[in-house]
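To keep things clear, I will list the structure first and then write my remarks on it.
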Amino acid sequence: MASRHVIQEQNRGEAVGLGKQKNMAVAGQPKSRRALGDIGNLVTLRQLEGKPLPPAGRPVTRSFCAQLLANAQKDAADNKKKPMAVNVDNNKVVVPKKKVSVKPKPAPVPQNATVIEISPDTEELKKPGSSSASRNNKKPQSSLTSTLTARSKAACGLSYKPKPANIVDIDAVDVDNELAAVEYVEDIYKFYKLVENESKVHDYMHSQPEINDKMRAILIDWLIEVHNKFELTNETLYLTINIVDRFLASETVARRELQCVGMSAMLIASKYEEIWAPEVNDFVQISDRAYEHQHVLVMEKRILGRLEWNLTVPTPYVFLARFIKAAAAPPEETTNMEHMVYFYAELGMMNYETIRYCPSMIAAGAVHAARSTMNKVPVWHETLEMHTGFGEGQVVECSKMMVAFHRVAKDDEKRKVIYRKYSSGTRGAVALYPPAKSLLASTGSSC
(Lines give C-alpha, C1' and ligand atoms only; values in the text may rest on other atoms or scores of the structure.)
Protein backbone atom coordinates (compact mmCIF):
# COMPACT_ATOMS: atom_id res chain seq x y z
CA MET A 1 0.00 0.00 0.00
CA ALA A 2 2.90 2.36 0.86
CA SER A 3 4.67 1.66 -2.44
CA ARG A 4 1.45 2.34 -4.41
CA HIS A 5 1.12 5.68 -2.63
CA VAL A 6 4.73 6.60 -3.48
CA ILE A 7 4.23 5.72 -7.17
CA GLN A 8 1.06 7.85 -7.32
CA GLU A 9 2.92 10.79 -5.80
CA GLN A 10 5.76 10.38 -8.32
CA ASN A 11 3.39 10.23 -11.24
CA ARG A 12 1.54 13.24 -9.93
CA GLY A 13 4.80 15.12 -9.61
CA GLU A 14 5.92 14.23 -13.13
CA ALA A 15 2.62 15.41 -14.51
CA VAL A 16 2.95 18.68 -12.66
CA GLY A 17 6.48 19.07 -13.92
CA LEU A 18 5.49 18.50 -17.50
CA GLY A 19 2.79 21.07 -17.12
CA LYS A 20 5.29 23.61 -15.87
CA GLN A 21 7.70 22.92 -18.74
CA LYS A 22 4.93 23.29 -21.28
CA ASN A 23 3.82 26.57 -19.81
CA MET A 24 7.35 27.83 -19.77
CA ALA A 25 7.87 26.91 -23.41
CA VAL A 26 4.71 28.71 -24.40
CA ALA A 27 5.72 31.77 -22.42
CA GLY A 28 9.31 31.91 -23.71
CA GLN A 29 8.72 31.21 -27.42
CA PRO A 30 6.41 32.79 -29.98
CA LYS A 31 3.30 30.86 -31.06
CA SER A 32 3.90 28.55 -34.02
CA ARG A 33 1.17 26.52 -35.70
CA ARG A 34 3.79 24.68 -37.79
CA ALA A 35 4.38 22.45 -34.78
CA LEU A 36 0.97 20.83 -35.48
CA GLY A 37 2.36 19.40 -38.71
CA ASP A 38 4.87 17.28 -36.88
CA ILE A 39 2.18 15.26 -35.08
CA GLY A 40 1.80 12.99 -38.09
CA ASN A 41 -1.99 12.67 -38.13
CA LEU A 42 -2.51 14.95 -41.14
CA VAL A 43 -2.31 14.11 -44.87
CA THR A 44 -1.04 16.19 -47.72
CA LEU A 45 -3.68 17.75 -49.96
CA ARG A 46 -3.16 18.19 -53.71
CA GLN A 47 -4.82 20.61 -56.03
CA LEU A 48 -7.28 19.39 -58.66
CA GLU A 49 -6.77 20.55 -62.29
CA GLY A 50 -4.69 23.50 -61.20
CA LYS A 51 -7.56 25.13 -59.31
CA PRO A 52 -6.98 26.58 -55.84
CA LEU A 53 -8.48 24.58 -53.03
CA PRO A 54 -11.19 26.13 -50.90
CA PRO A 55 -10.29 26.72 -47.29
CA ALA A 56 -11.14 23.79 -45.04
CA GLY A 57 -13.36 24.40 -42.08
CA ARG A 58 -11.46 21.95 -39.92
CA PRO A 59 -8.14 20.02 -40.05
CA VAL A 60 -8.48 17.10 -42.46
CA THR A 61 -7.42 14.07 -40.50
CA ARG A 62 -7.22 10.57 -41.88
CA SER A 63 -10.61 9.64 -40.46
CA PHE A 64 -12.25 12.82 -41.77
CA CYS A 65 -10.73 12.26 -45.22
CA ALA A 66 -12.00 8.66 -45.24
CA GLN A 67 -15.46 9.91 -44.31
CA LEU A 68 -15.44 12.40 -47.21
CA LEU A 69 -14.42 9.67 -49.62
CA ALA A 70 -17.14 7.34 -48.36
CA ASN A 71 -19.81 10.05 -48.69
CA ALA A 72 -18.70 10.94 -52.21
CA GLN A 73 -18.71 7.31 -53.32
CA LYS A 74 -22.15 6.77 -51.75
CA ASP A 75 -23.57 9.77 -53.63
CA ALA A 76 -22.06 8.49 -56.85
CA ALA A 77 -23.56 5.03 -56.29
CA ASP A 78 -26.99 6.53 -55.59
CA ASN A 79 -26.84 8.55 -58.79
CA LYS A 80 -25.49 5.51 -60.74
CA LYS A 81 -22.38 7.38 -61.68
CA LYS A 82 -18.68 6.65 -61.40
CA PRO A 83 -17.09 7.37 -58.01
CA MET A 84 -16.08 10.98 -57.72
CA ALA A 85 -12.41 11.72 -57.19
CA VAL A 86 -11.52 13.61 -54.08
CA ASN A 87 -8.17 15.38 -54.01
CA VAL A 88 -6.62 15.99 -50.68
CA ASP A 89 -3.64 18.33 -50.33
CA ASN A 90 -2.46 21.00 -47.92
CA ASN A 91 -5.35 20.55 -45.51
CA LYS A 92 -7.90 21.23 -48.26
CA VAL A 93 -10.45 19.02 -49.97
CA VAL A 94 -11.93 19.45 -53.44
CA VAL A 95 -15.14 17.58 -54.36
CA PRO A 96 -16.46 17.96 -57.91
CA LYS A 97 -19.64 19.96 -57.93
CA LYS A 98 -22.88 18.42 -59.21
CA LYS A 99 -24.62 19.86 -62.17
CA VAL A 100 -27.89 21.43 -61.18
CA SER A 101 -30.67 21.17 -63.73
CA VAL A 102 -32.90 24.20 -63.95
CA LYS A 103 -36.52 23.56 -64.82
CA PRO A 104 -38.03 25.99 -67.28
CA LYS A 105 -40.68 28.24 -65.89
CA PRO A 106 -44.23 27.44 -67.05
CA ALA A 107 -45.65 29.73 -69.61
CA PRO A 108 -48.17 32.25 -68.28
CA VAL A 109 -51.82 31.18 -68.61
CA PRO A 110 -54.06 33.53 -70.56
CA GLN A 111 -56.58 35.36 -68.47
CA ASN A 112 -59.67 33.93 -70.16
CA ALA A 113 -58.39 30.37 -70.49
CA THR A 114 -59.86 27.45 -68.57
CA VAL A 115 -57.74 25.16 -66.44
CA ILE A 116 -58.38 21.42 -66.69
CA GLU A 117 -57.47 19.34 -63.64
CA ILE A 118 -57.28 15.64 -64.46
CA SER A 119 -57.82 13.10 -61.66
CA PRO A 120 -57.37 9.29 -61.96
CA ASP A 121 -61.07 8.72 -62.71
CA THR A 122 -62.65 12.03 -63.74
CA GLU A 123 -61.94 15.25 -65.58
CA GLU A 124 -63.30 18.47 -64.22
CA LEU A 125 -63.34 21.91 -65.78
CA LYS A 126 -62.60 24.80 -63.50
CA LYS A 127 -63.18 28.40 -64.41
CA PRO A 128 -60.53 30.93 -63.42
CA GLY A 129 -61.29 33.12 -60.47
CA SER A 130 -62.99 30.39 -58.44
CA SER A 131 -62.85 31.29 -54.78
CA SER A 132 -62.21 29.09 -51.77
CA ALA A 133 -65.89 29.35 -50.85
CA SER A 134 -66.79 27.27 -53.91
CA ARG A 135 -64.41 24.54 -52.73
CA ASN A 136 -66.12 24.39 -49.36
CA ASN A 137 -69.48 23.84 -51.04
CA LYS A 138 -68.35 20.58 -52.64
CA LYS A 139 -69.97 17.38 -51.52
CA PRO A 140 -67.77 15.20 -49.30
CA GLN A 141 -65.96 12.49 -51.20
CA SER A 142 -67.05 8.92 -50.71
CA SER A 143 -64.87 6.63 -48.67
CA LEU A 144 -62.67 3.93 -50.15
CA THR A 145 -64.97 1.22 -48.79
CA SER A 146 -68.04 2.64 -50.51
CA THR A 147 -66.09 3.06 -53.76
CA LEU A 148 -64.92 -0.54 -53.70
CA THR A 149 -68.44 -1.72 -52.86
CA ALA A 150 -69.89 0.20 -55.81
CA ARG A 151 -67.28 -1.24 -58.17
CA SER A 152 -67.92 -4.73 -56.84
CA LYS A 153 -71.65 -4.38 -57.47
CA ALA A 154 -70.96 -3.08 -60.96
CA ALA A 155 -68.70 -6.07 -61.66
CA CYS A 156 -71.50 -8.41 -60.53
CA GLY A 157 -74.00 -6.73 -62.80
CA LEU A 158 -75.82 -4.89 -60.00
CA SER A 159 -76.10 -1.46 -61.53
CA TYR A 160 -76.92 1.54 -59.39
CA LYS A 161 -80.55 2.57 -59.60
CA PRO A 162 -81.33 6.15 -58.54
CA LYS A 163 -84.16 6.64 -56.10
CA PRO A 164 -87.46 7.87 -57.52
CA ALA A 165 -88.18 11.55 -57.13
CA ASN A 166 -91.13 10.96 -54.80
CA ILE A 167 -88.98 9.09 -52.22
CA VAL A 168 -87.39 11.31 -49.58
CA ASP A 169 -83.68 10.89 -48.86
CA ILE A 170 -83.91 10.45 -45.08
CA ASP A 171 -80.11 10.38 -44.67
CA ALA A 172 -79.40 13.72 -46.37
CA VAL A 173 -79.30 15.61 -43.07
CA ASP A 174 -76.72 13.19 -41.65
CA VAL A 175 -74.18 13.30 -44.45
CA ASP A 176 -71.63 15.09 -42.25
CA ASN A 177 -72.43 12.98 -39.18
CA GLU A 178 -69.87 10.16 -39.02
CA LEU A 179 -71.83 8.37 -36.29
CA ALA A 180 -74.83 8.01 -38.59
CA ALA A 181 -72.83 5.74 -40.96
CA VAL A 182 -74.79 7.01 -43.94
CA GLU A 183 -72.71 5.00 -46.43
CA TYR A 184 -73.46 1.70 -44.69
CA VAL A 185 -76.83 2.19 -42.99
CA GLU A 186 -78.88 0.60 -45.78
CA ASP A 187 -76.66 -2.48 -45.84
CA ILE A 188 -76.89 -2.71 -42.05
CA TYR A 189 -80.69 -2.81 -42.13
CA LYS A 190 -80.69 -5.31 -44.97
CA PHE A 191 -78.63 -7.54 -42.71
CA TYR A 192 -81.06 -6.98 -39.82
CA LYS A 193 -83.92 -8.07 -42.05
CA LEU A 194 -82.05 -11.22 -43.01
CA VAL A 195 -81.22 -12.34 -39.46
CA GLU A 196 -84.30 -11.20 -37.55
CA ASN A 197 -86.08 -14.49 -38.12
CA GLU A 198 -83.17 -16.42 -36.62
CA SER A 199 -83.96 -15.01 -33.16
CA LYS A 200 -87.73 -14.77 -33.68
CA VAL A 201 -89.68 -16.37 -30.83
CA HIS A 202 -92.26 -18.99 -31.68
CA ASP A 203 -95.51 -19.61 -29.83
CA TYR A 204 -94.37 -21.13 -26.52
CA MET A 205 -97.19 -20.54 -24.07
CA HIS A 206 -98.68 -24.00 -24.61
CA SER A 207 -95.43 -25.52 -23.32
CA GLN A 208 -95.54 -23.57 -20.03
CA PRO A 209 -97.75 -25.47 -17.53
CA GLU A 210 -97.72 -22.86 -14.73
CA ILE A 211 -97.81 -19.51 -16.51
CA ASN A 212 -100.10 -17.93 -19.10
CA ASP A 213 -100.22 -14.88 -21.34
CA LYS A 214 -101.80 -12.68 -18.65
CA MET A 215 -98.93 -13.41 -16.22
CA ARG A 216 -96.46 -12.53 -18.93
CA ALA A 217 -98.30 -9.24 -19.62
CA ILE A 218 -98.19 -8.32 -15.91
CA LEU A 219 -94.46 -9.11 -15.83
CA ILE A 220 -93.73 -6.95 -18.90
CA ASP A 221 -95.81 -4.11 -17.46
CA TRP A 222 -93.81 -4.29 -14.21
CA LEU A 223 -90.49 -4.40 -16.09
CA ILE A 224 -91.45 -1.23 -17.97
CA GLU A 225 -92.09 0.46 -14.62
CA VAL A 226 -88.70 -0.71 -13.29
CA HIS A 227 -87.05 0.46 -16.49
CA ASN A 228 -88.65 3.87 -16.06
CA LYS A 229 -87.55 4.20 -12.42
CA PHE A 230 -83.97 3.24 -13.18
CA GLU A 231 -84.00 5.65 -16.17
CA LEU A 232 -82.49 3.10 -18.52
CA THR A 233 -82.22 3.38 -22.29
CA ASN A 234 -84.83 2.11 -24.73
CA GLU A 235 -82.38 -0.47 -26.07
CA THR A 236 -82.26 -2.06 -22.61
CA LEU A 237 -86.06 -2.40 -22.38
CA TYR A 238 -86.50 -4.02 -25.79
CA LEU A 239 -83.57 -6.38 -25.24
CA THR A 240 -84.99 -7.35 -21.82
CA ILE A 241 -88.32 -8.39 -23.33
CA ASN A 242 -86.50 -10.29 -26.06
CA ILE A 243 -84.44 -12.21 -23.50
CA VAL A 244 -87.53 -13.07 -21.45
CA ASP A 245 -89.41 -14.46 -24.46
CA ARG A 246 -86.46 -16.41 -25.81
CA PHE A 247 -85.81 -17.99 -22.40
CA LEU A 248 -89.47 -18.88 -21.82
CA ALA A 249 -89.61 -20.40 -25.30
CA SER A 250 -86.68 -22.70 -24.55
CA GLU A 251 -87.21 -23.72 -20.92
CA THR A 252 -90.10 -24.42 -18.58
CA VAL A 253 -90.35 -21.90 -15.75
CA ALA A 254 -92.27 -22.21 -12.48
CA ARG A 255 -94.72 -19.49 -11.58
CA ARG A 256 -92.73 -18.41 -8.51
CA GLU A 257 -89.61 -17.90 -10.70
CA LEU A 258 -91.25 -15.72 -13.36
CA GLN A 259 -90.45 -12.38 -11.71
CA CYS A 260 -86.87 -13.52 -11.07
CA VAL A 261 -86.56 -14.29 -14.78
CA GLY A 262 -87.61 -10.72 -15.60
CA MET A 263 -85.18 -9.20 -13.09
CA SER A 264 -82.25 -11.28 -14.33
CA ALA A 265 -83.12 -10.53 -17.95
CA MET A 266 -83.05 -6.78 -17.26
CA LEU A 267 -79.78 -7.18 -15.37
CA ILE A 268 -78.24 -8.90 -18.41
CA ALA A 269 -79.63 -6.30 -20.82
CA SER A 270 -78.34 -3.48 -18.62
CA LYS A 271 -74.85 -4.94 -18.61
CA TYR A 272 -75.02 -5.22 -22.39
CA GLU A 273 -76.45 -1.78 -23.21
CA GLU A 274 -75.88 0.61 -20.30
CA ILE A 275 -72.78 2.54 -19.30
CA TRP A 276 -73.71 2.28 -15.61
CA ALA A 277 -75.79 -0.84 -15.05
CA PRO A 278 -77.93 -1.23 -11.89
CA GLU A 279 -76.53 -3.53 -9.23
CA VAL A 280 -78.07 -6.80 -8.11
CA ASN A 281 -79.08 -5.26 -4.78
CA ASP A 282 -81.08 -2.62 -6.66
CA PHE A 283 -83.20 -5.31 -8.28
CA VAL A 284 -83.58 -7.17 -4.97
CA GLN A 285 -84.87 -4.04 -3.26
CA ILE A 286 -87.22 -3.02 -6.05
CA SER A 287 -88.80 -6.50 -5.95
CA ASP A 288 -89.54 -5.97 -2.23
CA ARG A 289 -86.97 -8.66 -1.41
CA ALA A 290 -89.04 -11.41 -2.98
CA TYR A 291 -85.72 -12.98 -4.03
CA GLU A 292 -82.26 -13.08 -2.52
CA HIS A 293 -79.05 -11.89 -4.08
CA GLN A 294 -78.01 -15.43 -4.92
CA HIS A 295 -81.29 -16.23 -6.66
CA VAL A 296 -80.77 -13.45 -9.20
CA LEU A 297 -77.21 -14.54 -9.96
CA VAL A 298 -78.18 -18.18 -10.39
CA MET A 299 -81.01 -17.23 -12.72
CA GLU A 300 -78.70 -14.93 -14.68
CA LYS A 301 -76.27 -17.80 -15.25
CA ARG A 302 -79.15 -20.07 -16.19
CA ILE A 303 -80.50 -17.64 -18.79
CA LEU A 304 -77.10 -17.00 -20.36
CA GLY A 305 -76.41 -20.70 -20.59
CA ARG A 306 -79.74 -21.40 -22.25
CA LEU A 307 -79.34 -18.54 -24.75
CA GLU A 308 -75.72 -19.52 -25.36
CA TRP A 309 -74.65 -15.93 -24.63
CA ASN A 310 -76.25 -14.74 -27.86
CA LEU A 311 -77.39 -11.21 -27.03
CA THR A 312 -76.67 -9.41 -30.30
CA VAL A 313 -80.08 -9.69 -31.94
CA PRO A 314 -82.25 -7.17 -33.84
CA THR A 315 -85.07 -6.05 -31.55
CA PRO A 316 -88.04 -3.89 -32.64
CA TYR A 317 -86.17 -0.84 -31.36
CA VAL A 318 -83.45 -0.95 -34.05
CA PHE A 319 -86.18 -0.90 -36.70
CA LEU A 320 -88.18 1.80 -34.90
CA ALA A 321 -85.23 4.19 -35.00
CA ARG A 322 -85.09 3.82 -38.79
CA PHE A 323 -88.81 3.72 -39.52
CA ILE A 324 -89.55 6.84 -37.46
CA LYS A 325 -86.96 8.64 -39.56
CA ALA A 326 -88.65 7.36 -42.71
CA ALA A 327 -92.04 8.65 -41.50
CA ALA A 328 -90.73 12.15 -42.29
CA ALA A 329 -92.98 14.04 -39.87
CA PRO A 330 -92.78 17.85 -39.80
CA PRO A 331 -90.19 19.18 -37.30
CA GLU A 332 -92.86 20.55 -34.97
CA GLU A 333 -94.59 17.15 -34.82
CA THR A 334 -91.54 14.86 -34.77
CA THR A 335 -91.37 14.53 -30.98
CA ASN A 336 -95.04 13.62 -30.53
CA MET A 337 -94.81 11.18 -33.42
CA GLU A 338 -91.87 9.41 -31.75
CA HIS A 339 -93.75 9.14 -28.43
CA MET A 340 -96.83 7.79 -30.18
CA VAL A 341 -94.82 5.15 -32.05
CA TYR A 342 -93.07 4.01 -28.86
CA PHE A 343 -96.41 3.91 -27.05
CA TYR A 344 -97.88 1.52 -29.61
CA ALA A 345 -94.69 -0.56 -29.74
CA GLU A 346 -94.67 -1.10 -25.97
CA LEU A 347 -98.38 -1.91 -25.96
CA GLY A 348 -97.75 -4.46 -28.67
CA MET A 349 -94.84 -6.12 -26.87
CA MET A 350 -96.76 -6.32 -23.61
CA ASN A 351 -99.54 -8.35 -25.23
CA TYR A 352 -98.68 -11.90 -26.16
CA GLU A 353 -100.75 -11.81 -29.37
CA THR A 354 -97.98 -9.96 -31.24
CA ILE A 355 -95.49 -12.78 -30.62
CA ARG A 356 -96.23 -14.12 -34.09
CA TYR A 357 -94.88 -10.99 -35.79
CA CYS A 358 -91.20 -10.42 -36.53
CA PRO A 359 -89.49 -7.36 -34.96
CA SER A 360 -89.59 -5.30 -38.17
CA MET A 361 -93.33 -5.95 -38.55
CA ILE A 362 -94.00 -4.81 -34.97
CA ALA A 363 -92.05 -1.61 -35.66
CA ALA A 364 -93.84 -1.00 -38.97
CA GLY A 365 -97.24 -1.67 -37.38
CA ALA A 366 -96.49 0.82 -34.59
CA VAL A 367 -95.58 3.50 -37.14
CA HIS A 368 -98.75 2.83 -39.15
CA ALA A 369 -100.94 2.93 -36.02
CA ALA A 370 -99.30 6.17 -34.85
CA ARG A 371 -99.78 7.92 -38.19
CA SER A 372 -103.38 6.74 -38.36
CA THR A 373 -104.09 8.01 -34.83
CA MET A 374 -102.50 11.39 -35.62
CA ASN A 375 -104.49 11.60 -38.88
CA LYS A 376 -101.50 11.78 -41.21
CA VAL A 377 -102.27 11.76 -44.92
CA PRO A 378 -101.21 9.61 -46.55
CA VAL A 379 -100.86 7.10 -43.76
CA TRP A 380 -98.39 4.97 -45.69
CA HIS A 381 -96.25 6.48 -48.43
CA GLU A 382 -93.56 5.20 -50.77
CA THR A 383 -90.67 6.27 -48.54
CA LEU A 384 -92.00 4.13 -45.69
CA GLU A 385 -92.69 1.26 -48.04
CA MET A 386 -89.12 1.33 -49.37
CA HIS A 387 -87.40 1.46 -45.96
CA THR A 388 -89.69 -0.94 -44.12
CA GLY A 389 -90.02 -3.42 -46.95
CA PHE A 390 -93.78 -3.75 -46.32
CA GLY A 391 -96.77 -2.45 -48.15
CA GLU A 392 -99.73 -0.96 -46.30
CA GLY A 393 -101.76 -4.10 -46.83
CA GLN A 394 -99.10 -6.14 -45.02
CA VAL A 395 -98.87 -3.97 -41.89
CA VAL A 396 -102.52 -3.03 -41.45
CA GLU A 397 -103.39 -6.22 -39.53
CA CYS A 398 -100.68 -5.62 -36.92
CA SER A 399 -101.63 -1.94 -36.81
CA LYS A 400 -105.29 -2.75 -36.09
CA MET A 401 -104.26 -5.01 -33.23
CA MET A 402 -102.21 -2.23 -31.61
CA VAL A 403 -105.03 0.29 -31.95
CA ALA A 404 -107.35 -2.22 -30.26
CA PHE A 405 -104.87 -2.49 -27.36
CA HIS A 406 -104.93 1.30 -27.11
CA ARG A 407 -108.70 1.32 -26.86
CA VAL A 408 -108.76 -0.98 -23.78
CA ALA A 409 -105.56 0.28 -22.13
CA LYS A 410 -107.35 2.91 -20.08
CA ASP A 411 -109.71 0.39 -18.45
CA ASP A 412 -107.09 -2.27 -17.70
CA GLU A 413 -106.53 -1.98 -13.94
CA LYS A 414 -103.71 -4.51 -13.70
CA ARG A 415 -101.65 -3.20 -16.62
CA LYS A 416 -101.79 0.58 -16.59
CA VAL A 417 -98.07 1.43 -16.38
CA ILE A 418 -97.68 2.06 -20.12
CA TYR A 419 -100.85 4.14 -20.27
CA ARG A 420 -99.76 6.29 -17.31
CA LYS A 421 -96.24 6.60 -18.71
CA TYR A 422 -97.46 8.08 -22.01
CA SER A 423 -100.23 10.13 -20.45
CA SER A 424 -97.69 12.49 -18.86
CA GLY A 425 -96.85 15.82 -20.42
CA THR A 426 -93.17 14.93 -20.72
CA ARG A 427 -94.15 12.38 -23.39
CA GLY A 428 -96.71 14.56 -25.12
CA ALA A 429 -99.70 12.87 -23.44
CA VAL A 430 -100.02 10.76 -26.58
CA ALA A 431 -101.94 8.03 -24.74
CA LEU A 432 -104.85 10.48 -24.37
CA TYR A 433 -105.32 10.70 -28.15
CA PRO A 434 -108.47 8.90 -29.31
CA PRO A 435 -107.61 5.67 -31.14
CA ALA A 436 -107.78 5.72 -34.93
CA LYS A 437 -111.43 5.26 -35.87
CA SER A 438 -110.56 4.12 -39.38
CA LEU A 439 -108.76 1.08 -37.99
CA LEU A 440 -111.24 0.38 -35.19
CA ALA A 441 -114.15 0.23 -37.61
CA SER A 442 -112.79 -2.94 -39.19
CA THR A 443 -111.59 -4.50 -35.90
CA GLY A 444 -113.70 -7.14 -34.22
CA SER A 445 -114.83 -6.86 -30.64
CA SER A 446 -112.64 -9.80 -29.69
CA CYS A 447 -109.56 -7.65 -29.95
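The values are calculated or read from the model by the stated rules, or taken from the named source; none is laboratory data. Computed from a predicted model, the values in this text were never measured in an experiment. Here Cβ is always computed from backbone atoms with ideal geometry, including for glycine, and neighbour counts include all displayed protein chains. Remember, those area values only see protein heavy atoms, side chains included, never the ligands or the DNA or RNA. Shrake-Rupley method; radii C 1.70, N 1.55, O 1.52, S 1.80 Å.
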request  = Kindly rank 188-195, 269-276 from highest to lowest mean number of other beta carbons found within 10 Å of each residue.
outcome  = 269-276, 188-195
task = At 1.4 Å probe size, with no ligands or nucleic acids counted, give the accessible surface of LEU68 in Å², nearest ten.
result = 40 Å²
remark   = Beyond 32 Å (Cα-Cα) in this structure, taken from LYS301/LYS325; LYS193/LYS271; LYS301/LYS410, we find LYS301/LYS325; LYS301/LYS410
inquiry  = As a test of the definition: which semi-axes, in Å, follow for segment 334-432 when you take the square root of five times each eigenvalue of its alpha carbon gyration tensor? Largest first, please.
reply    = 22, 16, 10
key: Packing-based ranking, highest mean first, of 236-246, 418-428 given that Cβ atoms within 10 Å are counted   = 236-246, 418-428
